[in-house]
Amino acid sequence: MTVNTPLCFRGKSILAPMVRVGTLPMRLLALDYGADIVYCEELIDIKMLQCKRVVNEVLETVDFVAPNERVVFRTCERERHCVVFQMGSADAERALAVAKLVESDVAGIDINMGCPKEYSTKGGMGAALLSDPDKIESILTTLVKGICKPVTCKIRILPSVEDTVNLVKRIEKTGIAAIAVHGRKKEERPQHPVHCDVIKAISEAVSIPVIANGGSHDFIREYMDIETFQKATAASSVMIARAAMWNPSIFRKEGLFPLRKVMQDYIKYAVRYDNHYTNTKYCLCQMLREQLETTQGKKLHAAQSTQEICEVFEMADFYEETTTIFTAKKTSLETKIQDEDDQMEDPDVIKMAVRFDKREYPPQITPKMYLLEWCRKEKHPQPIYETVQRPLDRLFCSVVTVAEQKYKSTLWDKSKKLAEQAAAIVCLRTLGVPEGKLCEGENPLIAKRKREDRECSNNRDHGDDLAEPSHKKANFIEGASDMNVPEMPR
Ligand SMILES: Cc1cc2nc3c(=O)[nH]c(=O)nc-3n(C[C@H](O)[C@H](O)[C@H](O)COP(=O)(O)O)c2cc1C
């Protein structure tokens, strides 16, 4: 049974949000080494809103996948009760929509109000919010009211202590669960001293937990220093960024592990969770720091895949074993799904194992166009395509309904368009109607097009610019069916 205790922010060591660094392997490693709470890298609301939630049964993760199929946020059960999702937002409604999208997979939601980078501030996000308390209030209040998980925010300090304390008091009233304070002003760089006194003044002025941040440069070299920083700031908890990026075993009570072991542990998670190799490489380079010029550093820099990264760290066998397990798991899941599909099969659907291969058709001629033409000729309503996407491998299958009969291909395709063409082929073949293939010889649709093009150009010669050849209309109908594809129910 899973216990659903709300996240507590007192007496905790926390992995700070870090763009590119705070992806799943780093978060899990920090947890293994002793971190209590982990923040993900900042993800922008607009980008998240384009994502689809996909359960990845092979990796046993939940993925938020962008339309270009890139995984924007990957999480898993192990961190569900301690991962805080950090978001960049300047809009309460968008922030709420993203929070609702991820709420069931994370332990809390955080709004980044400290990023001084132009890409954040020019959209009114990050540190730009610090000069717009009304906006802060509206985003946080909307989130606190709209979701069940704790809401936090992460700020930088303002030019005066008094203004900072007043702002935090106002923020506290929104009902948030805790506030992380990076003890630097927005113009200050990471090497500037951290203002422990300001964090302390905030800790003493409010009753919500204050999470002190900014100690990596001046304070935190090993585990014991976390407590020193906490005492210096009178904060409830400590959040660590760079010291953890350089060596995440900073969270280990027993002391730091040697970097080589840490990097190998990191790589294990990167392989296990199929982390993109560029991200893995980036994080390992941050750990290597001044050793980047060593032979190992140069080899890492040259690596062009996860496999090559593993080879640099003498982990080729681990890579081999893990990927073999995944391949076997994927095959077995596919077989299971195929069996389930077969059992659930609708006997009224006519099926064939066909795929659409563009090379077999003249340019711009497709089975869908042929089917549409046939329906028009036979005075049937136009074909209706319904497509589902399989979560496991994200392949598509389409069913076309023509004259109240359904047709589909038993082969799954890489895109919705290909799946629709395959369904159209099944229908045309069943009906014994030409499908437009090059090998069919005399091509009535092309002949029809030529005729229409001729008529069209004659019309144009007569000044009738509005005439549109019917093949354009057919193309338009194909495109218009490109609506959102529902996921197959599981
Ligand atoms: C590589 C890197 C990426 C960062 N990305 C984020 C981010 O996504 N969100 C955020 O609030 N702060 C981000 N920060 C700031 C850190 O969370 C933290 O506030 C800052 O580094 C000070 O803490 P430290 O002294 O422990 O490093 C980033 C810092 C680094 C070094």
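The values are calculated or read from the model by the stated rules, or taken from the named source; none is laboratory data. Predicted, not measured: the structure shown is a model, and the values here were computed from it. Heads up, the Cβs are rebuilt from the backbone with ideal geometry, glycines too, and the neighbour counts pull from every protein chain shown. Keep in mind that these areas ignore ligands, DNA and RNA; they rest on the heavy atoms of the full protein, side chains included. Shrake-Rupley method; radii C 1.70, N 1.55, O 1.52, S 1.80 Å.
Considering every residue within the range 290-310, establish whether at least one is of a type in the set (Ser, Thr, Tyr), surrounded by fewer than 22 Cβ atoms within 10 Å (Cβ to Cβ) and within 16 Å of the ligand (Cβ to nearest atom). For the range 290-310, residues of a type in the set (Ser, Thr, Tyr), surrounded by fewer than 22 Cβ atoms within 10 Å (Cβ to Cβ) and within 16 Å of the ligand (Cβ to nearest atom): absent. In summary, strands (runs of 3 or more DSSP E) completely within the range 376-433 and bearing 2 or more residues that are in contact with a helix residue (DSSP H, G or I) (Cβ under 7 Å, 6 or more places away or on another chain) and without any contact (Cβ under 8 Å) to a residue 40 or more places away in the chain occur at 396-402. Taken residue by residue, the range 96-107 has at least one member that is at pLDDT 95 or above and outside any helix (DSSP H, G or I). For the range 260-285, a residue qualifies if it is crowded, with 17+ Cβ neighbours inside 10 Å, of a type in the set (A, V, I, L, M, F, W, C) and over 11 Å from Leu29 (Cβ atoms), and the qualifying residues are Val271, Leu284.
Within the range 269-277, not a single residue is of a type in the set (Phe, Trp, Tyr) and more than 25 Å from the chain's Cα centre (by Cα). For the range 108-134, a residue qualifies if it is assigned to a loop (DSSP other than H, G, I, E, B) and crowded, with 22+ Cβ neighbours inside 10 Å, and the qualifying residues are Gly114, Cys115, Met125. The set of residues in the range 247-306 being polar (S, T, N, Q) and at pLDDT 95 or above consists of Asn247, Ser249, Gln264, Asn275, Thr278, Asn279, Thr280, Gln286, Gln304, Ser305, Thr306. Just the residues that are within 19 Å of Ser216 (Cβ to Cβ) and without any contact (Cβ under 8 Å) to a residue 12 or more places away in the chain, please, taken from the range 150-187. Within the range 150-187, no residue meets the criteria. Applying the set (1) out of contact with any strand residue (DSSP E or B) (no Cβ under 9 Å at 6 or more places or on another chain); (2) crowded, with 20+ Cβ neighbours inside 10 Å to Val58 leaves exactly one unmet item: (2).
Just one of the numbered conditions (1) away from the ligand (no atom under 13 Å from the Cβ); (2) buried (at least 18 other Cβ atoms within 10 Å of the Cβ); (3) under 30 Å from Tyr223 (Cβ atoms) is not true of Phe64: (3).
Checked against (1) in a loop (DSSP other than H, G, I, E, B); (2) surrounded by fewer than 20 Cβ atoms within 10 Å (Cβ to Cβ), Leu31 meets all criteria but (1). For the range 206-231, the set of residues classified as within 10 Å of the ligand (Cβ to nearest atom) and over 20 Å from Pro258 (Cβ atoms) consists of Ala212, Asn213, Gly214, Gly215, His217, Asp218, Phe219, Phe229, listed by residue number.
Within the span defined as the range 211-220, one or more residues are in contact (Cβ under 8 Å) with a residue 60 or more places away in the chain and not hydrophobic (A, V, I, L, M, F, W, C). So for the range 81-89 (the condition being more than 16 Å from the ligand (Cβ to nearest atom) and open to solvent by 10 Å² or more (accessible area, probe 1.4 Å)), does at least one residue qualify? For the range 81-89, residues more than 16 Å from the ligand (Cβ to nearest atom) and open to solvent by 10 Å² or more (accessible area, probe 1.4 Å): present.
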